[in-house]
Amino acid sequence: MTPLEFLNQLWQEKPEDQFILIWTLPGKHSRWFTSIPAAGEYVAGISGTKDVYVGVGLSAKDYGPTRRCVSDEIMAITGMTGDFDFLSEAHKGKPLPQTIEQALSLLPQAMPPTVILATGNGLQAWWLLKEPYVFESNGDRRKLARVMTRWHNMLRLNSAARGWTYERLADLARVLRVPGTKNLKDPANPKDVTVLSTTDRRYNLSDFTEFMDAAGIPDPAAEERSAREWKEQFGDKPIAIRPGQIPQDLLEEWMDPTKSDPVVAIRFSNTWHRRRHDMKDQSQSAYDLALADFGVYVGLNEQQIVDLIAQHRAMHQQKRKTDPDYFRRTIAKALEAKEADSAVPVAAPLAAAPEPALAAATPTTGGLPPSVGAINGAAPAPSESEISEEMAKAILCQKISQQLGIEVLRIVKIEGQDPTYHVHTERGIVEFENVDKFISYASVRSKIAAKTGILIRRFKPKEWDVLAQMMLNACIIEECTDEEEFEGSARSFVLDYLAETDFIPSIENQRIQDQRKPMIIAGRIAVCSSDVASYLEKTKNVKLSPKAAASKLKALGAKATQRLRSNKFASQSRWALPLPEFNPQEIKPGMIDLAQTDPTNTPDGPRIQ
């Protein structure tokens, strides 16, 4: 396809008085044309000497050789676009598709592009409208810009679901390459810009919105609303410091051992009257924390706990606290203590509690706030069955990205006896060796910082619980390889241990640190679980107790030997590895069998139990 044929494809139905932009590098030079043939002739004349681009939108005037029309002044567009980079010398350091086939997999199958270009270092796709969409007002332009942003968000979600980044450049003033020209980013290695495929498909604007509605792609307004509602739910709310808000009859009910847990009632009574002799710290701050512990325990909201503390301070003529952050810190400590002690039972209900100044946190569904968990677009949210699981998880990762402040492409759970978790970011994969590490704020914060150089913000405990549940919900499940299964990982570890560790012919006359090295007993390799555990920690950074290492050995079919005893070394037990998988003659050929040199334990050497 020649440049003229391509420009005719784009703009053959354009208004005659509107301008096509042809933009070139180097120099960032702009040329403006109302005539398509003139634009095509110009491109053909400079082809091979410059990088040549065409604007995806039309302008109302010629802006001169050094300017481009800004998005707010674009008058019409010809369709939707997509720009996919390949992993190459031109695009290094980010996870990207490596082949044309991989990039094509990101295109929606139900919406084939009208034209796909191979640009040398990627693909560019055009979904052309039946005729250019001419804006009738600024509001019309903003509406179209939201549709285009949403379209590029869909392409980004498709990419993220596969662990690749996509540069979401959705502005109306975007420029893309022209076929029949050269990609000269690397002048020493010019690449042709060619047409990879064409179809006769042309679209109405409503085709894009209906497709994205059905796919559950959130629009910019929905994303902004989601972020705002998350902030409203979890952000710091104004609190009032006002003594005297807790009714006396409710205080007495909390202190009545016949109306609630007697232990809790007595403890609260002693706290309220400052008789907590079990507390080493008798300061008012310590009593404030004890009251916060109680408030969290019985389910008071933040404002009610503040009221309780303020009322207690006033009753005992203690200094009035006026800093809201003091109360928030105290309540945060109480929440952390409650999480650490999940065995505490629920206390008396608060049916008689006063009207709260601040509503309690909105109940959540499936670990997500209703607004945050909803997957919606410009139209009413489609049913769950209409949204692919892959897209739903990609949208969750996008919401997680908004909260963490880094781009999370996808999250993968590697199945196995001890599942591991991989968080794919644009700067690499962050690995978590178990679920405890994966849902721990401290662990997530430190590991992301180590990989990306970015510290995620601090979260309130309840907010982190919701986000951690989102992360679990977003996991793509992948089956582990044999090496990742419990038995498979044990086999891999043991084989590495045997290959990299010197054997000993006997325990006698060995240095203390070598007395637990592997050896051959009665025709089988015998190892100490403590030495295996030490090896794994030093070489694999895998921390296992000797008992856990023994569990791995047992999973392989290893059998415990009788204890080896002598007055020349401390007694020890070993694990004899199974035959023929761990054949001594294959792993350590020529190694002496202890049973041939040291029959002191039994007539036939140490017996296998």
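The values are calculated or read from the model by the stated rules, or taken from the named source; none is laboratory data. Just so you know, these numbers come straight off a predicted model, no measurement behind them. Quick reminder, even Gly has a Cβ in these numbers, built from the backbone with ideal geometry, and neighbours come from all protein chains shown.
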Checklist outcome for this item: Within the range 269-319, residues assigned to a helix (DSSP H, G or I), out of contact with any helix residue (DSSP H, G or I) (no Cβ under 6 Å at 6 or more places or on another chain) and among the aliphatic types (A, V, I, L, M) come out as A286, V298, A310, A314, M315
Checklist entry - Considering M154, M148, which residue is in contact with a helix residue (DSSP H, G or I) (Cβ under 7 Å, 6 or more places away or on another chain), modelled with pLDDT of 90 or more and surrounded by 20 or more Cβ atoms within 10 Å (Cβ to Cβ)? => result M154
Checklist outcome for this item: Residue pairs within 6 Å by beta carbon, gap of at least six or interchain, first lying in the range 178-205 and on the phi < 0 side of the Ramachandran plot, second part of a loop (DSSP other than H, G, I, E, B) and surrounded by fewer than 17 Cβ atoms within 10 Å (Cβ to Cβ), listed first then second, are P179/M1; K182/G48; K182/P190; L184/P190; K185/A90; V195/M1; T199/P112; R201/P112
Checklist entry - Which of the residues spanning the range 148-170 are among the basic types (K, R) and part of a loop (DSSP other than H, G, I, E, B)? => result R162, R168
Checklist outcome for this item: The condition of being in a loop (DSSP other than H, G, I, E, B) and either in contact with a Gly (Cβ under 6 Å, 6 or more places away or on another chain) or over 30 Å from G48 (Cα atoms) (or both) holds, among P218, P179, P187, only for P218
Next on the checklist: Would you confirm, using the coordinates I've provided, whether A103 is within 22 Å of S197 (Cβ to Cβ), under 31 Å from the mean Cα position of the chain (by Cα) and not in a strand (DSSP E or B)?
Outcome noted: yes
Checklist entry - If you go through the range 38-61, how many residues are closer than 22 Å to Q9 by Cα and not in a strand (DSSP E or B)? => result 13
Checklist entry - Would you call L117 at pLDDT 90 or above, under 27 Å from R427 (Cβ atoms) and in the same structural domain as V54 (by TED's automatic domain parsing)? => result no
Checklist entry - Can you tell me which of R225, R150 is closer than 17 Å to Q402 by Cα and outside the structural domain of S105 (by TED's automatic domain parsing)? => result R225
Next on the checklist: Need pairs with beta-carbon distance below 8 Å; first residue under 18 Å from R458 (Cβ atoms) and at pLDDT below 90 and within the range 426-448, second in a helix (DSSP H, G or I) and not aromatic (F, W, Y); sequence gap 6+ or separate chains.
Outcome noted: none
Checklist entry - Of the residues that sit in the range 500-509 and are out of contact with any strand residue (DSSP E or B) (no Cβ under 8 Å at 6 or more places or on another chain) and farther than 11 Å from Y535 by Cβ, which one is surrounded by the most Cβ atoms within 10 Å (Cβ to Cβ)? => result N509
Checklist entry - Looking at (1) surrounded by fewer than 17 Cβ atoms within 10 Å (Cβ to Cβ); (2) part of a helix (DSSP H, G or I); (3) in contact (Cβ under 8 Å) with a residue 40 or more places away in the chain, which is the one condition that is false for M1? => result (2)
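Listed here are the residues, each with its yes/no results for (1) under 44 Å from the mean Cα position of the chain (by Cα); (2) modelled with pLDDT under 95; (3) of a type in the set (G, A, S).
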{"site": "Q9", "(1), (2), (3)": "yes, yes, no"}
{"site": "P15", "(1), (2), (3)": "no, yes, no"}
{"site": "S47", "(1), (2), (3)": "yes, yes, yes"}
{"site": "C69", "(1), (2), (3)": "yes, yes, no"}
{"site": "G79", "(1), (2), (3)": "yes, yes, yes"}
Checklist entry - Could you say which residue among A145, A173, A125 is in contact (Cβ under 8 Å) with a residue 12 or more places away in the chain, assigned to a loop (DSSP other than H, G, I, E, B) and in contact with an Asp or Glu (Cβ under 9 Å, 6 or more places away or on another chain)? => result A173
Next on the checklist: Against the conditions (1) part of a helix (DSSP H, G or I); (2) touching a Ser or Thr at 6+ places or on another chain (Cβ under 7 Å); (3) surrounded by fewer than 16 Cβ atoms within 10 Å (Cβ to Cβ), where does K437 fall short? Just the number, please.
Outcome noted: (3)
Checklist entry - So how many residues does the range 296-315 have that are under 12 Å from L251 (Cα atoms) and without any contact (Cβ under 8 Å) to a residue 60 or more places away in the chain? => result 1
Checklist entry - Going through the range 491-535 one residue at a time, which ones are under 17 Å from K552 (Cα atoms) and at pLDDT below 90? => result R491, S492, F493
